[in-house]
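Enquirer: Submitted below is the structure of interest, expressed as structure tokens.
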Amino acid sequence: MRSFVRRAGRLTPSQARAIESLWSHFGIDPPSTPLDLDTVFGRHAARTLEIGFGDGDNLATLAARHPERDYLGVEVHDPGVGRLLLRIEREGLENIRVARHDAVEVINHWLAPDSIDELLVFFPDPWHKKRHHKRRLIQAGFLEQLARVMPPGARLHLATDWAPYAEDMLITCDASPAFENAQPGGGYAARPDTRPTTKFERRGLRLGHEVFDLLCKRTDWQPPQGDQPSG
Ligand SMILES: C[S@@+](CC[C@H](N)C(=O)[O-])C[C@H]1O[C@@H](n2cnc3c(N)ncnc32)[C@H](O)[C@@H]1O
């Protein structure tokens, strides 16, 4: 069950050119064994993973702000990948790498245990209809898969403008043995000023939606021995 349908949307000529010319340096193709991110980035640094980066504005802004960290983005929408690569080129960003692939597979098969210190999922597709809720990315099983690549203490930051999904995220995180709410007293966090606004956040605000941030911390829970990731 996929959390996305490939949206139509053609690459502009400059996006196509950016993918063509920059992919070999900034893109990551499906590996046959889990990635050694020190080799991928050419150094050892704290790492942030953003799932579903859309147009890449958040990822590029954070990467420019924090040259000391490395940023890995996962997105399946090609025009978004093209836009991000154009911005990487324009701003000369060196600390970003991009996977054009289903994040569920990236988490389960591409990444080594404990390789991500911070994980961001901003405005994931809300899948409004009840019969589609099973497509939502944030679910109990997926949180356990995320936990494998995050060491204890690592931070998970979720945001959404769809109140019923926010409520569901809160319940799911509270019930997960792998994460605890990092907000003193629990509940939603105030919007951190450090989070750049994204296209989908602006859209939600135009529609009059409230925006919810949820900050969680990886606990020291370990998956039962012998559990194999699926996906
Ligand atoms: C509603 S958009 C939000 C984009 C961006 N985070 C923002 O706030 O503007 C959700 C994005 O997640 C991507 N996406 C959904 N499921 C994904 C998956 N399993 N792997 C990678 N990307 C995914 C979609 O292609 C889409 O671009």
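Enquirer: Restricting to the stretch 165-216, name every residue that is open to solvent by less than 50 Å² (accessible area, probe 1.4 Å) and among the hydroxyl-bearing types (S, T, Y).
Expert: In the first step, residues of the stretch 165-216 are kept if they are open to solvent by less than 50 Å² (accessible area, probe 1.4 Å); the result is 165-166, 169-170, 172-173, 176, 178-179, 181, 186-187, 189, 192, 195-196, 198, 201, 204, 211-216.
Matches in the stretch 165-216: Y165, T172, S176, T198.
Enquirer: Only one of these is touching a residue at least 12 places away in the same chain (Cβ under 8 Å) and not in a helix (DSSP H, G or I): L156, L146, L170. Name it. Walk me through it before giving the result.
Expert: Numbers: L146 fails: not in a helix (DSSP H, G or I); L170 fails: not in a helix (DSSP H, G or I).
Exactly one residue qualifies, and that residue is L156.
Enquirer: Next question, about the same structure. If a residue has to be more than 20 Å from D117 (Cα to Cα), touching a strand residue (DSSP E or B) at 6+ places or on another chain (Cβ under 6 Å) and in contact (Cβ under 8 Å) with a residue 40 or more places away in the chain to count, how many in the stretch 173-210 make the cut?
Expert: 1
Enquirer: While we're looking at this one, here's another question. How about the stretch 12-54: which of its residues are in contact (Cβ under 8 Å) with a residue 12 or more places away in the chain and charged (D, E, K, R)?
Expert: The first filter runs over the stretch 12-54 and keeps only residues in contact (Cβ under 8 Å) with a residue 12 or more places away in the chain, leaving 12, 14-16, 18-19, 22-23, 26-28, 30-31, 34-37, 40-41, 43, 45-54.
Hits for the stretch 12-54 are D36, R43, R47, E50.
Enquirer: I'd like to verify a number: residues in the stretch 70-116 that are in contact with a strand residue (DSSP E or B) (Cβ under 6 Å, 6 or more places away or on another chain) and away from the ligand (no atom under 13 Å from the Cβ), how many?
Expert: Residues in the stretch 70-116 being in contact with a strand residue (DSSP E or B) (Cβ under 6 Å, 6 or more places away or on another chain) and away from the ligand (no atom under 13 Å from the Cβ): 7 in total.
Enquirer: Just for strands (runs of 3 or more DSSP E) wholly inside the stretch 1-100: which have at least 2 residues that are touching an Asp or Glu at 6+ places or on another chain (Cβ under 6 Å)?
Expert: Numbers: elements: 47-51, 70-74, 96-99.
Those strands (runs of 3 or more DSSP E) span 47-51.
Enquirer: Have a look at D193, D114 and point out the one that is in a loop (DSSP other than H, G, I, E, B) and in contact with a Pro (Cβ under 7 Å, 6 or more places away or on another chain).
Expert: D114
Enquirer: Give the number of residues within the stretch 117-143 that are assigned to a strand (DSSP E or B) and more than 10 Å from the ligand (Cβ to nearest atom).
Expert: Taking the stretch 117-143 and keeping what is assigned to a strand (DSSP E or B), we get 118-122.
Narrowing further to those that are more than 10 Å from the ligand (Cβ to nearest atom): 118-119.
So the answer is 2.
Enquirer: One residue is enough: does the stretch 197-213 have a residue meeting the conditions within 23 Å of L37 (Cβ to Cβ) and at pLDDT 95 or above?
Expert: At the first step, the residues of the stretch 197-213 found to be within 23 Å of L37 (Cβ to Cβ) are none.
Within the stretch 197-213, none of the residues are within 23 Å of L37 (Cβ to Cβ) and at pLDDT 95 or above.
Enquirer: What are the residues in the stretch 30-69 that are under 18 Å from V81 (Cβ atoms) and of a type in the set (D, E), if any?
Expert: E50, D55, D57
Enquirer: Sticking with this structure for a sec: If I filter the stretch 1-24 down to residues being farther than 18 Å from I51 by Cα and open to solvent by 90 Å² or more (accessible area, probe 1.4 Å), which single residue comes out as farthest from the chain's Cα centre (by Cα)? Spell out how you get there, then give the answer.
Expert: Initially, the stretch 1-24 is screened for residues farther than 18 Å from I51 by Cα, giving 8-24.
If we keep only those that are open to solvent by 90 Å² or more (accessible area, probe 1.4 Å) as well, we get 8, 10, 13, 17, 20, 24.
Values: A8: 21, R10: 23, P13: 27, R17: 25, E20: 24, S24: 22 Å.
Here the answer is P13.
Enquirer: Further question on the same structure: Take the conditions among the basic types (K, R) and more than 21 Å from R2 (Cβ to Cβ) and apply them to R202. Does it pass? Walk me through it before giving the result.
Expert: Numbers: among the basic types (K, R): yes; more than 21 Å from R2 (Cβ to Cβ): yes.
Spelling it out, R202 is indeed among the basic types (K, R) and more than 21 Å from R2 (Cβ to Cβ).
The values are calculated or read from the model by the stated rules, or taken from the named source; none is laboratory data. Since we're looking at a predicted model, the values are computed, not measured. Don't worry about glycine lacking a Cβ; one is built from the backbone with ideal geometry, like all the others, and counts go over all protein chains shown. All accessible areas refer to the heavy atoms of the entire protein, side chains included, with ligands and DNA or RNA removed. Shrake-Rupley method; radii C 1.70, N 1.55, O 1.52, S 1.80 Å.
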